[in-house]
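Just below is one structure, and these are the notes that go with it.
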């Protein structure tokens, strides 16, 4: 499995507090069956804005420490970008921490976008459309945990129909968050709208890594093909900067 949303870089944001915890998280992810894990430190946020150079240095150091500790996991680097109205300008300036570099074989770029936890701004559809005009596909982080979608999951599906991708948190399927989040996640699963299943892990104990249990739930709700797509096929395409499976 591939996990494309994880806060494992030590002491950079609200994720792993130190190297020991970061290694414990990687070890747990590997034991759970995760082969590739993408570190996604917060960027452009009101609380955390991790500089790209600092993130790159941190991921290289963590890779080396994981190898020395015998942890078999492929660690990649992305970012979780706080929603703002000038995402298209950031894309033009090459400042968005996309999952794959612009020089990827197919030249396709995808970036994880986080809405404010209280609501989805009314102009979001237009902002995400403008981002796509710059050749960057938005991946909406944990829509099932946003109150704007709890009773209107169709609104998240509508953003997906306009070209965004939806990343749902594993813990929402297994009951780690409130019932509203689980109900929304189930509605998205039933609609065939869960593109990525990711842990959004923050610590070794609270909100730990791991996709296996949630993948089983997704398979129950939406079928084996949907679970495989969300944890293997589609995340691999994003990291490769390739076209989505089945797309032109």
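Just one of the listed residues (72, 24, 66) is surrounded by 21 or more Cβ atoms within 10 Å (Cβ to Cβ), closer than 21 Å to residue 198 by Cα and in contact (Cβ under 8 Å) with a residue 12 or more places away in the chain, namely 66.
Taking the criterion of being in contact with a strand residue (DSSP E or B) (Cβ under 7 Å, 6 or more places away or on another chain) and at positive phi, the residues of region 195-231 that qualify are 200, 207.
Total residues in region 111-132 satisfying the condition of being in contact (Cβ under 8 Å) with a residue 24 or more places away in the chain, out of contact with any helix residue (DSSP H, G or I) (no Cβ under 6 Å at 6 or more places or on another chain) and in a loop (DSSP other than H, G, I, E, B): the figure is 6. Every test in (1) touching a residue at least 60 places away in the same chain (Cβ under 8 Å); (2) exposed (fewer than 14 other Cβ atoms within 10 Å of the Cβ); (3) farther than 30 Å from residue 183 by Cα is passed by residue 108 save one, and that test is (2). Of the residues making up region 157-169, those that are outside any strand (DSSP E or B) and touching a strand residue (DSSP E or B) at 6+ places or on another chain (Cβ under 6 Å) number 2.
One residue stands out in region 206-233 among those that are in a loop (DSSP other than H, G, I, E, B) and either under 20 Å from residue 40 (Cβ atoms) or in contact (Cβ under 8 Å) with a residue 40 or more places away in the chain (or both): the one that is farthest from the chain's Cα centre (by Cα), namely 206. All of 163, 192, 135, 175 fail the test of being free of Cβ contacts under 8 Å to residues at least 12 places away in the same chain and at positive phi, apart from 175. Residues considered: 89, 67, 103, 72. Of these, the only one that is more than 13 Å from residue 238 (Cβ to Cβ), at pLDDT below 95 and either assigned to a loop (DSSP other than H, G, I, E, B) or out of contact with any strand residue (DSSP E or B) (no Cβ under 8 Å at 6 or more places or on another chain) (or both) is 103.
The values are calculated or read from the model by the stated rules, or taken from the named source; none is laboratory data. Please read all numbers here as calculations on a predicted model, not as lab measurements. Backbone-built Cβ (ideal geometry, glycine too); neighbour counts: all protein chains shown.
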